[in-house]
Amino acid sequence: MAKKAKLTEQNTGFAHPISGQGDADKKGKYLAELRDSLAARLRAGDHAAAGEFVDMYNEQIFLFMRRLGHDRQVSEDLTQESFLQAWQHISQLRNGKALNGWLYRIAGNVSKLYWRKHKGREMASIEGADIDVPENSEAGCDIAGHYEQLGRLKNAVAYLPEKLRQAVVLHYMQHLTIAEAAEAAGVREGTFKSRLNRALETLRKQVL
Amino acid sequence: MNEQKLTKLLNDLADATVEPVRPGLTEDIKRQIPERLSPHKGGTDTIHIVINLRISKLAAAAVIIVTILLCAGLFGGRDWTSDGIVDGVRDSLAWLGAGRADVLAVRSKYEDLVRQGRHVVYYGDNIAPGDNSAILMQLKLPDGKYRIVFGDGSTRIVNAEELIELHSRMLLNKTR
């Protein structure tokens, strides 16, 4: 599946390899200006800006919910709930730099409240991660091994404690920077890094 | 090396777990955008505090109840042990609720009657709300009698003599 441009926009968050540093800088500057303008318009109560904001983030928040272990239907509901909460807490949005952290924090809280209300509920697997190993023998054992590792990693991430799973999802899968992800998790950067290290250590033991 | 490999695997997993969003979800969300995006929404502040402080609803409810009792104790001017709290709450509600609302309603009625050119007198600024012997307003009726509204909201129709007696009693109470 071709990834949408808006999803890759966040790859300047240092969890992804960057091809050209100059291009990345330009893109980062452009995105920062875009977010600043969007945040200012949202704070001013601009209805059109809210529409753009939904276009920009609804897929990301849906995937965030899926990666936190909610099934498709619940993820849709929680995505809608996250935006409803966002409209009600516009006043807490400081500036464009804080846009990601602010929205993901709301979404994280919405997810947390859901799990609290439905304690016995099992986590759903992510459809895309039910990875089929290609039958073509020429693809070789390397590809098969890679897919097998991905499958193991998917399970290992799912079984991480909630806070560690959230840290991995925010930084490595939603591609937020450490600062944004820490803001989203509601902790200091040091605490977030520590969670991330613990999560990586656990995953390394189980997957590699 | 292991860390780089793990990071790469996590990035690959992120790519592999991209799912299409239901067509129409974006529109559903957009339909829920309020007409006026207000920076301040008072009604949801409590929920936000509960979420932000990460305290349970039970604890939040306890905090709110204690705050109400404390305020009631302050307004009532009683100590908040034994029966003091109950009396304080009752007094506060009487002042904030029934008594005060009646005064405002009568005042509004008085202004209305004045505009109609009726013979009416309003004493509300000088009496204590809730006083059942104080005259809040008097209205002269076409038959020469007077409709009296007391401080506690009760009404009575009296003749001129009774009215003078009521005024005398009110004056006497004031001077005590």
Peptide ranges B:127-135, B:12-20 listed from the most packed, as the mean C-beta count within 10 angstrom indicates: B:12-20, B:127-135
Listed peptides B:142-148, A:47-53, A:174-180, A:32-38 by packing density, highest first (mean Cβ within 10 Å): A:174-180, A:47-53, A:32-38, B:142-148
Peptide-level mean, for B:2-12, of C-beta atoms on other protein chains within 10 Å: 6
Spin-label pair A:Arg204/B:Asp152, simplified geometry with 7 Å Cα→Cβ offset, distance in nm: 8.1
Among the listed pairs A:Lys205/B:Lys5; A:Lys29/A:Lys97; A:Lys97/B:Lys8, those beyond 18 Å (Cα-Cα): A:Lys97/B:Lys8
Ordering of A:71-78, A:144-151 by packing [mean C-beta count within 10 Å, highest first]: A:71-78, A:144-151
Residue-count net charge about A:Asp36 - beta-carbon cut-off 14 Å; Lys, Arg +1, Asp, Glu -1: +3
Potential lengthening between A:Glu162 and A:Ser194 on full extension [0.36 nm per residue; Cα-Cα distance subtracted]: 10.1 nm
Residue mean of other protein chain beta carbons inside 10 Å, A:193-204: 1
For residues of B:27-36, the mean tally of beta carbons on other chains within 10 Å: 6
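Each value in this text was obtained by applying a stated rule to the coordinates, not by laboratory testing. Everything numeric here is computed off the predicted structure, so don't read it as measured data. No Cβ is skipped: glycine too gets one built from the backbone with ideal geometry, and neighbour counts run over all protein chains shown.
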